[in-house]
Amino acid sequence: MAAAFFCGKAITKCANAATVRVGISTGKATLQLWSESKLLITDSQQPTRKMVIAPRRKVLFTKDATPQQITARGTVLRGQVSITVDNHRYAAWQVANVRPLNWREYIRVSSNGESAQWSRPYRGTFEITPQTYSFEPAKHQNPLRVVNVVNMEDYLKGVVPWEMKPTAPLEALKAQAICARSESLSKIKNGRHGKDGFDLCDYDHCQGYPGTENEKARSTLAVEQTAGYVLMHNSEIADAVYGTNSGGITADSTDVWRGGPVPYLRNVLDFVAGSPMAKVIKPGMTEADWKVYCSTNLPSFAQPTAEDIRELAERRAKSPRVAQMYRPGDLPDFYRWSRTITQAEALRAFGPKMQPHVNSISAWRVMLRAPSGHIKKLQIIGQWIENDTVKSTSSFIIEGDGAIRSMLSGRLGSIVSLPSSTFVVLPQYDANKRPTAFVLKGAGWGHGVGMCQDGAMAHARDGWTARQILNWYYRDVKIVKRG
């Protein structure tokens, strides 16, 4: 059994695998559950409460403005959650636990106003209680907290094909599965969402998890063939973070996050020695050197293939959202990308942060850049100009990967933020040498720390095993089977 990960034979799912509590992202509409199976609903705070719902019924959950109290069979019940089935309302639930009586059936969940019958299916059980999660603004939250309690290996079957293309080579998917398992367990141990009532959330703050919606045979096989395997560093499970595309150089943890160095999360030059990329990358690079790096489609293991480029062109032609996300000239997974920020856009984003006030952004100045190319400190300089005369100048500094990537919108996200903090700024000027726009030329997508997923796929196509891939991207780690 222990050799299954290396020999490529499928192994039996561990019957005693740990469960994970995943906080499910919700909208503001009424929460609905639906299943092909009968549903058993109990209340963990009121053991006498129990109800069985017939199959294929819409089950609605709402939060009452104030706690309700009812008496049932001589027992006083109190709670703020109400359940409605076939227009019958059952009030005074505290923590509703929902499970299918047929364990092979899924529970579907909706909170966006659409029928749960056609929504995402999930394995495991659900816990529903008044919302306590404070990570997102209240306007984005449902009044109820929804937690999917699911076997860790089943959870990973949803994560892996969401985080990496399920058509990727099997060894890359196996590396992804080990990373995802390791990162999950590390974050749980470190209390990532300990105060929120669950272990992990279902989006990029932890890992993307859409239930069973994206599961594919190949990615499921990768999870099964690596069941229980994790990355270890000095007897601790490694927080094996990963990113979509490094641009050709992965980042040290200190390049993008605060805190001390993490020994296993170090820079990796992900290209062939003696290649054109190797001739550009050197110690003590200047901004002119980084301009060449960020502006040129240099070969590396993260570089997209010709097929990737053709596929992106087809997607851009068919989808307005993809066309908005990838601008003309952007390479797949933002291996190289470009953004033009007009003077008006720059002033709108940065002007309110300047004292005294300014009416023109005059410069973006890189104050500190990491060896991986990620900008750590960026100075924005503005001026108040009257009659072509500079009356005053002010500036402020943006510091940190997340703040820099979200500096134009205030939010992180594929469409609203910059793909990475690895970029150079090329001002455009008018006849009076006043900047009219700023062209950003960049490399990579995401924080860039740990395994580069595009690089992992390229290494797998070259015949590397999952073990080789992981030992390339993470320093001084061991691959160990737990349990």
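Quick check: is even one residue across region 463-476 in the same structural domain as Ser338 (by TED's automatic domain parsing) and touching a helix residue (DSSP H, G or I) at 6+ places or on another chain (Cβ under 8 Å)?
So far as region 463-476 goes, no, none of its residues is in the same structural domain as Ser338 (by TED's automatic domain parsing) and touching a helix residue (DSSP H, G or I) at 6+ places or on another chain (Cβ under 8 Å).
Spot the failing condition for Gln355; the list is (1) of a type outside the set (D, E, K, R); (2) part of a loop (DSSP other than H, G, I, E, B); (3) touching a Ser or Thr at 6+ places or on another chain (Cβ under 8 Å); (4) not assigned by TED's automatic domain parsing to the domain that holds Val425, and only one is missed.
The number of the failed condition is (4).
Within region 265-276, track down each residue that is surrounded by 14 or more Cβ atoms within 10 Å (Cβ to Cβ), in contact with a helix residue (DSSP H, G or I) (Cβ under 9 Å, 6 or more places away or on another chain) and not in a strand (DSSP E or B).
Leu265, Arg266, Asn267, Asp270, Phe271
Which residue is surrounded by the fewest Cβ atoms within 10 Å (Cβ to Cβ), if the candidates are limited to region 228-255 and must be in a loop (DSSP other than H, G, I, E, B), in contact (Cβ under 8 Å) with a residue 60 or more places away in the chain and of a type in the set (Gly, Ala, Ser)?
Result: Gly228.
Results for (1) buried (at least 20 other Cβ atoms within 10 Å of the Cβ); (2) over 25 Å from Leu265 (Cβ atoms); (3) modelled with pLDDT of 95 or more, shown as yes or no for each residue.
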residue	(1), (2), (3)
Tyr335	yes, no, yes
Ser338	no, yes, yes
Ala349	no, yes, yes
Pro352	no, yes, no
Leu368	no, no, yes
Gly373	yes, no, yes
Lys376	no, no, yes
Gln379	no, yes, yes
Ser394	no, yes, yes
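Among the numbered criteria (1) surrounded by fewer than 16 Cβ atoms within 10 Å (Cβ to Cβ); (2) over 20 Å from Lys353 (Cα atoms); (3) over 17 Å from the mean Cα position of the chain (by Cα); (4) not small (Gly, Ala, Ser), which single criterion is violated by Leu426?
(1) is the only condition that Leu426 fails.
Can you find a residue in region 37-46 that is without any contact (Cβ under 8 Å) to a residue 60 or more places away in the chain and either in a loop (DSSP other than H, G, I, E, B) or within 26 Å of Gly208 (Cβ to Cβ) (or both)?
yes
Being in contact (Cβ under 8 Å) with a residue 40 or more places away in the chain and part of a loop (DSSP other than H, G, I, E, B) is the filter here, so list the residues in region 413-429 that pass it.
Across region 413-429, the qualifying residues are Ser414, Ile415, Leu418, Pro419, Ser420, Ser421, Thr422.
With the structure loaded, tell me whether Ile404 is free of Cβ contacts under 8 Å to residues at least 60 places away in the same chain, assigned by TED's automatic domain parsing to the domain that holds Asn432 and farther than 25 Å from Met277 by Cα or whether it fails that test.
For Ile404, the condition - free of Cβ contacts under 8 Å to residues at least 60 places away in the same chain, assigned by TED's automatic domain parsing to the domain that holds Asn432 and farther than 25 Å from Met277 by Cα - is met.
Can you say whether Arg123 is surrounded by 13 or more Cβ atoms within 10 Å (Cβ to Cβ) and either touching a Leu at 6+ places or on another chain (Cβ under 9 Å) or over 20 Å from Arg145 (Cα atoms) (or both), as far as the supplied structure shows?
So Arg123 does not fit the description; no.
Restricting to region 276-314, give me the number of residues that are hydroxyl-bearing (Ser, Thr, Tyr) and without any contact (Cβ under 8 Å) to a residue 60 or more places away in the chain.
Going through region 276-314 one residue at a time, the tally reaches 3.
Just the residues that are part of a loop (DSSP other than H, G, I, E, B), surrounded by fewer than 21 Cβ atoms within 10 Å (Cβ to Cβ) and at pLDDT 95 or above, please, taken from region 433-463.
Of everything in region 433-463, those that are part of a loop (DSSP other than H, G, I, E, B), surrounded by fewer than 21 Cβ atoms within 10 Å (Cβ to Cβ) and at pLDDT 95 or above turn out to be Asp462, Gly463.
Only one residue in Lys291, Lys279 is more than 24 Å from Pro427 (Cβ to Cβ) and part of a helix (DSSP H, G or I), so which one is that?
Lys279
I'd like to verify a number: residues in region 45-62 that are farther than 20 Å from Arg108 by Cβ and buried (at least 17 other Cβ atoms within 10 Å of the Cβ), how many?
2
Specify the residue that is surrounded by the fewest Cβ atoms within 10 Å (Cβ to Cβ); the eligible residues are those in region 203-216 that are under 23 Å from Pro130 (Cβ atoms) and hydroxyl-bearing (Ser, Thr, Tyr).
Tyr203
Which residue, of Leu173, Leu101, Leu156, is more than 21 Å from the chain's Cα centre (by Cα) and aliphatic (A, V, I, L, M)?
Of the residues listed, the single one that is more than 21 Å from the chain's Cα centre (by Cα) and aliphatic (A, V, I, L, M) is Leu101.
With the requirement that a residue be outside any loop (DSSP other than H, G, I, E, B) and either within 27 Å of the chain's Cα centre (by Cα) or over 12 Å from Lys63 (Cα atoms) (or both), what does region 73-88 give you?
Thr75, Val76, Leu77, Arg78, Val85, His88
Looking at region 362-373, can you tell me whether even one residue there is touching a Gly at 6+ places or on another chain (Cβ under 9 Å) and over 20 Å from Gly247 (Cα atoms)?
Yes - at least one qualifying residue is present in region 362-373.
Go through (1) among the hydrophobic types (A, V, I, L, M, F, W, C); (2) part of a loop (DSSP other than H, G, I, E, B); (3) touching a residue at least 60 places away in the same chain (Cβ under 8 Å) one by one and return the number of the condition Trp337 breaks.
Evaluating Trp337 over (1) among the hydrophobic types (A, V, I, L, M, F, W, C); (2) part of a loop (DSSP other than H, G, I, E, B); (3) touching a residue at least 60 places away in the same chain (Cβ under 8 Å) leaves (2) as the failure.
Can you tell me which of Leu170, Leu185, Leu200 is of a type outside the set (D, E, K, R), over 24 Å from Ser372 (Cβ atoms) and surrounded by fewer than 19 Cβ atoms within 10 Å (Cβ to Cβ)?
Leu170
Only one of these conditions is not met by Gly197: (1) small (Gly, Ala, Ser); (2) in contact with a Lys or Arg (Cβ under 8 Å, 6 or more places away or on another chain); (3) part of a helix (DSSP H, G or I). Which number is it?
(3)
The values are calculated or read from the model by the stated rules, or taken from the named source; none is laboratory data. Please read these numbers as outputs of a predicted model, since none were measured by experiment. Cβ coordinates were reconstructed from backbone atoms using ideal geometry, including for glycine residues, and neighbour counts include every protein chain displayed.
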